[in-house]
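Asks: Submitted below is the structure of interest, expressed as structure tokens.
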Amino acid sequence: MRSIRNIVVCMLCFFLTLFLAFQIPSVAFAAKAEKKAKVEKAKDAVPGSMDEKIKKAIASVDFSKVSDMSDFDPATWEGPTGDVIKIAYVNAFSGPGALNGQLHVAPIMFAVHDINKRGGIWVDGKKKLITVIKADHMSKADQCKKICERMVLQEKVHILMGTSGSNMMKIINEVANKYKVIAVNEGAVSDDLMDATNFGRYSFMPSFSTEQVGRGLAYYYGQIRKKEKKFYILCQDYSFGRGIADGFKKGLKEYYPEAQVVGEDYHKLFLTDFAPYMTKIKASGAEVIYSGDWTPDSGNLLKQARQMGINIPVADVFMNEPNELHDVGIEGTKGIVNIDQAESSPRFTNPAQIKFYKAWNDQWKKWKKAPYNSHLFEHAGGNLQAYMMYAYWTLSVIERAKSTDADKIVKVWENDTFRQANGKIVKMRACDHKAIQDMYVFELVPPKDQKMNFNIPPYHWYEGCSYYGPGYQIPAAKVLPQMDQKSDRCKGKNDWGE
């Protein structure tokens with residue numbers, strides 16, 4: 001009996017040893033595989049990129065937990081009232097630039113609606129919801145100052161956010177700094193907004209800037225594409241247009257010295273007749289038009305160029321408005337080159353991002369009222385995605401400050417890093433409140449070729465125009481935002497703010 005028991009014990013020991021022999025190596029293999037994966041990920045980081053520089057962002061939002069957004073419609077959305085966190089969104093909601101207000105505010109309201117449905121934000125000792133108040137500056141300087149002061153003094157808003165037009169954003173910043181409320185610049189990109197003269201403690205610029213745009217496109221043409229060498233600059237005639245042209249010229253000297261600017265012109269805002277400029281471009285021998293124009297100028301420029309038989313590419317930052325592109329068609333938009341502050345290549349990089357994307361796109365299919373039922377709002381991509389991410393970043397900062405007090409928000413946001421839905425990291429440089437980030441340059445291609453970027457069904461962005469195809473990462477180190485060394489806050493620091 002004892003011998004049988006001994007045999008059983010021996011057999012159990014044998015099988016236990018055999019079991020461990022298979023299990024322990026598998027655990028070790030998994031650890032090695034994980035270590036190898038980490039090494040490969042680090043090796044894949046582009047030199048000078050944010051992934052190489054910053055291993056882990058301070059903050060993010062769990063985009064896999066996006067709320068049920070089935071009740072969201074930007075045409076009818078109304079924010080909560082009462083004891084709430086108030087954001088005044090300042091832009092043109094009337095006049096020739098009215099589309100810009102609708103374009104910018106929709107993704108901001110989406111982010112706010114999502115956070116509200118998650119329960120809001122704990123600030124000042126209690127959980128509060130967030131509301132957005134539309135403030136129409138009508139693209140007029142006097143109206144901009146008037147409406148901003150009304151938002152602060154009468155509506156008691158905690159945040160002023162805007163806008164299209166750096167001239168308007170300067171006014172928003174001035175009002176915010178005067179009354180000590182936070183100003184968030186998600187849409188105006190002139191570098192001088194944050195220079196030594198105009199910088200204010202309470203204003204922040206999560207958006208990219210003009211010099212980053214210009215140098216980024218110059219880097220693409222000089223260091224990546226290496227083909228066209230003759231460029232004609234045509235931009236809007238105000239600080240933004242001049243700044244974005246200067247950034248490109250600086251970038252060409254830095255990254256593409258053999259290139260040539262064969263012409264340079266500036267036009268008034270909301271121009272309807274581009275023919276005189278097109279005639280000059282045609283005679284110049286230009287191989288590329290470089291422009292920073294935004295809607296409606298961007299669409300009019302492109303349409304009239306094609307109508308006059310000028311089929312050379314346009315290198316731009318805002319000529320990705322899909323309704324304007326559809327007006328020109330697939331062939332007329334093929335070959336356009338766009339620099340983007342929010343997209344990546346490929347478009348979808350993780351399951352949470354896909355879920356988050358569908359939360360918007362599924363709703364868009366139900367929207368009935370113009371302009372929200374148009375292609376412009378179909379995907380929440382490009383600049384529209386950027387505005388949304390900057391809203392989430394703002395709300396994240398408020399949440400971590402646990403207060404609507406502007407000084408407490410400033411303390412959290414300086415040197416903050418935030419990971420967006422597609423994994424991209426953005427850093428707020430402390431000394432001048434400018435954002436450091438990687439960017440992508442995209443070539444617009446016909447629908448059948450868009451799969452390389454839009455990598456989930458239906459494997460294209462749009463059927464009626466060319467849109468994002470091949471994408472090329474521009475690492476942050478190549479496009480660090482301009483820093484004014486005359487600023488006492490920035491003296492002695494490098495362009496990373498260190």
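Asks: Just to verify a result, which residue in segment 128-177, among those that are within 18 Å of residue 240 (Cβ to Cβ) and of a type in the set (Lys, Arg), is least open to solvent (accessible area, probe 1.4 Å)?
Replies: Among them, the one singled out is 170.
Asks: Still on this structure: Take the residues in segment 264-276 that are under 30 Å from the mean Cα position of the chain (by Cα) and not acidic (Asp, Glu), then tell me which one is surrounded by the most Cβ atoms within 10 Å (Cβ to Cβ).
Replies: Ranking the candidates gives 274 first.
Asks: Do you know which residues across segment 333-347 are assigned to a loop (DSSP other than H, G, I, E, B) and over 15 Å from the mean Cα position of the chain (by Cα)?
Replies: Passing the criteria: 334, 335, 336, 346.
Asks: To continue, here is another question. Specify the residue that is surrounded by the most Cβ atoms within 10 Å (Cβ to Cβ); the eligible residues are those in segment 80-127 that are small (Gly, Ala, Ser) and within 20 Å of residue 408 (Cβ to Cβ).
Replies: Filtering first and then ranking leaves 88.
Asks: Please list, ordered by first then second residue, the pairs with beta carbon atoms under 7 Å, 6 or more apart or interchain, first in segment 330-353 and within 22 Å of residue 311 (Cα to Cα), second basic (Lys, Arg).
Replies: The qualifying pairs are 332/306.
Asks: Right, here's the next one. Looking at the structure I just gave you, is residue 441 buried (at least 21 other Cβ atoms within 10 Å of the Cβ) and either more than 15 Å from the chain's Cα centre (by Cα) or not polar (S, T, N, Q) (or both)?
Replies: yes
Asks: Is it true that some residue in segment 301-309 is within 22 Å of residue 464 (Cβ to Cβ), without any contact (Cβ under 8 Å) to a residue 12 or more places away in the chain and open to solvent by 30 Å² or more (accessible area, probe 1.4 Å)?
Replies: Scanning segment 301-309 turns up at least one residue that is within 22 Å of residue 464 (Cβ to Cβ), without any contact (Cβ under 8 Å) to a residue 12 or more places away in the chain and open to solvent by 30 Å² or more (accessible area, probe 1.4 Å).
Asks: Of the residues in segment 153-186, how many are among the aromatic types (Phe, Trp, Tyr) and in contact (Cβ under 8 Å) with a residue 40 or more places away in the chain?
Replies: Selection size over segment 153-186: 0.
Asks: Now, a different point. Looking only at residues that are open to solvent by 10 Å² or more (accessible area, probe 1.4 Å) and not polar (S, T, N, Q) in segment 391-405, which one is nearest to residue 120 (Cα to Cα)?
Replies: Checked segment 391-405; the qualifying residue nearest to residue 120 (Cα to Cα) is 399.
Asks: Step by step: first the residues of segment 322-350, then only those that are more than 16 Å from residue 290 (Cβ to Cβ) and among the small types (Gly, Ala, Ser), then the one that is surrounded by the fewest Cβ atoms within 10 Å (Cβ to Cβ). Which residue is that?
Replies: 329
Asks: Could you give me the residue pairs with C-beta distances under 9 Å whose first residue belongs to segment 479-492 and is within 19 Å of residue 214 (Cβ to Cβ), whose second residue is open to solvent by 80 Å² or more (accessible area, probe 1.4 Å) and part of a loop (DSSP other than H, G, I, E, B) wherever it lies, and which are 6+ apart or on separate chains?
Replies: Once the first residue is within 19 Å of residue 214 (Cβ to Cβ) and sits in segment 479-492, its partners that are open to solvent by 80 Å² or more (accessible area, probe 1.4 Å) and part of a loop (DSSP other than H, G, I, E, B) give 484/197.
Asks: Now for a separate question. Report every pair of residues separated by at least 6 positions or lying on different chains whose Cβ atoms are under 8 Å apart, first residue within segment 132-152 and within 11 Å of residue 171 (Cα to Cα), second part of a helix (DSSP H, G or I) and modelled with pLDDT under 95.
Replies: If the second residue must be part of a helix (DSSP H, G or I) and modelled with pLDDT under 95, the pairs left are 141/167.
Asks: Taking the criterion of being over 21 Å from the mean Cα position of the chain (by Cα), among the polar types (S, T, N, Q) and in a helix (DSSP H, G or I), would at least one residue in segment 246-263 satisfy it?
Replies: The answer is no; no qualifying residue exists.
Asks: Would segment 196-209 turn up any residue that is in a helix (DSSP H, G or I), open to solvent by 10 Å² or more (accessible area, probe 1.4 Å), farther than 24 Å from residue 476 by Cβ and of a type in the set (S, T, N, Q)?
Replies: Looking for residues that are in a helix (DSSP H, G or I), open to solvent by 10 Å² or more (accessible area, probe 1.4 Å), farther than 24 Å from residue 476 by Cβ and of a type in the set (S, T, N, Q), one finds none in segment 196-209, hence no.
Asks: Ok, one more. Regarding segment 225-241, can at least one residue be identified that is open to solvent by 10 Å² or more (accessible area, probe 1.4 Å) and modelled with pLDDT under 95?
Replies: Checking segment 225-241: at least one residue is open to solvent by 10 Å² or more (accessible area, probe 1.4 Å) and modelled with pLDDT under 95.
Asks: Sort out for me the strands (runs of 3 or more DSSP E) sitting completely within segment 85-177 that have 2 or more residues that are within 23 Å of residue 207 (Cα to Cα) and among the β-branched types (Val, Ile, Thr).
Replies: Ranges flagged: 85-91, 130-136.
Asks: Can you find a residue in segment 351-361 that is crowded, with 21+ Cβ neighbours inside 10 Å, within 18 Å of the chain's Cα centre (by Cα) and of a type in the set (S, T, N, Q)?
Replies: There is no residue in segment 351-361 that is crowded, with 21+ Cβ neighbours inside 10 Å, within 18 Å of the chain's Cα centre (by Cα) and of a type in the set (S, T, N, Q).
Asks: Please verify whether residue 319 is modelled with pLDDT of 95 or more, over 23 Å from residue 103 (Cβ atoms) and open to solvent by less than 20 Å² (accessible area, probe 1.4 Å), treating the condition exactly as stated.
Replies: no
Asks: Can you tell me which of (1) touching a strand residue (DSSP E or B) at 6+ places or on another chain (Cβ under 7 Å); (2) farther than 23 Å from residue 450 by Cα; (3) surrounded by fewer than 18 Cβ atoms within 10 Å (Cβ to Cβ) is the one residue 293 doesn't meet?
Replies: Tallying (1) touching a strand residue (DSSP E or B) at 6+ places or on another chain (Cβ under 7 Å); (2) farther than 23 Å from residue 450 by Cα; (3) surrounded by fewer than 18 Cβ atoms within 10 Å (Cβ to Cβ), residue 293 fails exactly one: (3).
Asks: From the list 425, 409, 474, 436, pick out the single residue that is crowded, with 20+ Cβ neighbours inside 10 Å, over 21 Å from residue 341 (Cα atoms) and not acidic (Asp, Glu).
Replies: 409
Asks: List every residue pair whose Cβ atoms sit under 7 Å apart, with the two residues 6 or more apart in sequence or on different chains, where the first one lies in segment 449-464 and is open to solvent by 10 Å² or more (accessible area, probe 1.4 Å) and the second, anywhere, is part of a loop (DSSP other than H, G, I, E, B) and of a type in the set (D, E, K, R).
Replies: The qualifying pairs are 455/347.
Asks: Turning to a different aspect of this structure: Over 26 Å from residue 365 (Cα atoms), of a type in the set (D, E, K, R) and touching a helix residue (DSSP H, G or I) at 6+ places or on another chain (Cβ under 9 Å): which single residue out of 86, 56 fits that description?
Replies: 86
Asks: Quickly run through segment 49-79 and pick out the residues that are more than 21 Å from residue 405 (Cβ to Cβ), open to solvent by 30 Å² or more (accessible area, probe 1.4 Å), not in a strand (DSSP E or B) and not acidic (Asp, Glu).
Replies: 53, 55, 56, 64, 65, 70, 75, 76, 77
The values are calculated or read from the model by the stated rules, or taken from the named source; none is laboratory data. None of these values were measured; they are calculated from a predicted model. As a convention, Cβ positions derive from the backbone with ideal geometry for all residues, glycine included, and neighbour counts pool all protein chains shown. When the accessible area is computed, the model is the full protein with side chains, heavy atoms only, and any ligands, DNA or RNA have been set aside. Shrake-Rupley method; radii C 1.70, N 1.55, O 1.52, S 1.80 Å.
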